[in-house]
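The values are calculated or read from the model by the stated rules, or taken from the named source; none is laboratory data. Source: prediction; values computed, not measured. With ideal geometry, Cβ positions are generated from the backbone for all residues, glycine too; neighbour counts draw on all protein chains shown.
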Amino acid sequence: MSEAHRVVAILPSDDLDASERFYARLGFAVVSDHGHYRILADGRGWHLHLNRMPGWPRNVEDNPFGLYLYVEDVDAIADRVRELIIAPGTPHARPWGTYEFAVSDPSGTLVRVGRVLE
């Protein structure tokens, strides 16, 4: 992986501490803290920036943002957040060729965790 060529999501968060705790359960750690802006990574390629946005979103269910985190061991990640998984019985194979599950972060961002089925 080239560090010069990548994409990083920047997500708004009303509560950076709650968001940081949520993403830590998925495997992220803070690598840089600027008070209102935190940079998280998992050391294997995932990068995420959290930007403090007071009052965002007005209604959690109205948050239009989403992330897809690709990982080899989907079940291990699912075990860390089992009580937060949106659809009971997941992770499981999806018709579009992935094995995945979904959770919502504290600001309502949809986070899918999965891998491509071979």
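Couple of notes before you dig in:
- Within the stretch 36-52, tally of residues that are in contact (Cβ under 8 Å) with a residue 12 or more places away in the chain and either under 18 Å from Ser107 (Cα atoms) or in a strand (DSSP E or B) (or both): 11
- Lone qualifier among Phe65, Phe22 - being surrounded by 11 or more Cβ atoms within 10 Å (Cβ to Cβ), modelled with pLDDT under 95 and among the aromatic types (Phe, Trp, Tyr): Phe65
- Selection status of Pro57, modelled with pLDDT under 95 and surrounded by fewer than 15 Cβ atoms within 10 Å (Cβ to Cβ): no
- Test: Asp33 is charged (D, E, K, R), loosely packed, with under 11 Cβ neighbours inside 10 Å and modelled with pLDDT of 95 or more: no
- Residues (under 19 Å from Val7 (Cβ atoms) and in contact with a helix residue (DSSP H, G or I) (Cβ under 7 Å, 6 or more places away or on another chain)) located in the stretch 28-68: Arg38, Leu40, Leu48, Leu50
- Of the listed requirements (1) over 20 Å from Gly114 (Cα atoms); (2) touching an Asp or Glu at 6+ places or on another chain (Cβ under 8 Å); (3) at pLDDT 95 or above, Val74 misses just one: (1).
- Selection of the stretch 75-118 for residues being assigned to a loop (DSSP other than H, G, I, E, B) and under 11 Å from Leu26 (Cβ atoms) yields Val81, Asp105.
- Complete set of residues in the stretch 87-114 that are in contact (Cβ under 8 Å) with a residue 40 or more places away in the chain and either over 15 Å from Leu67 (Cα atoms) or surrounded by fewer than 16 Cβ atoms within 10 Å (Cβ to Cβ) (or both): Leu110
- Inspection of the stretch 3-14 identifies at least one residue that is touching a residue at least 60 places away in the same chain (Cβ under 8 Å), assigned to a loop (DSSP other than H, G, I, E, B) and buried (at least 16 other Cβ atoms within 10 Å of the Cβ).
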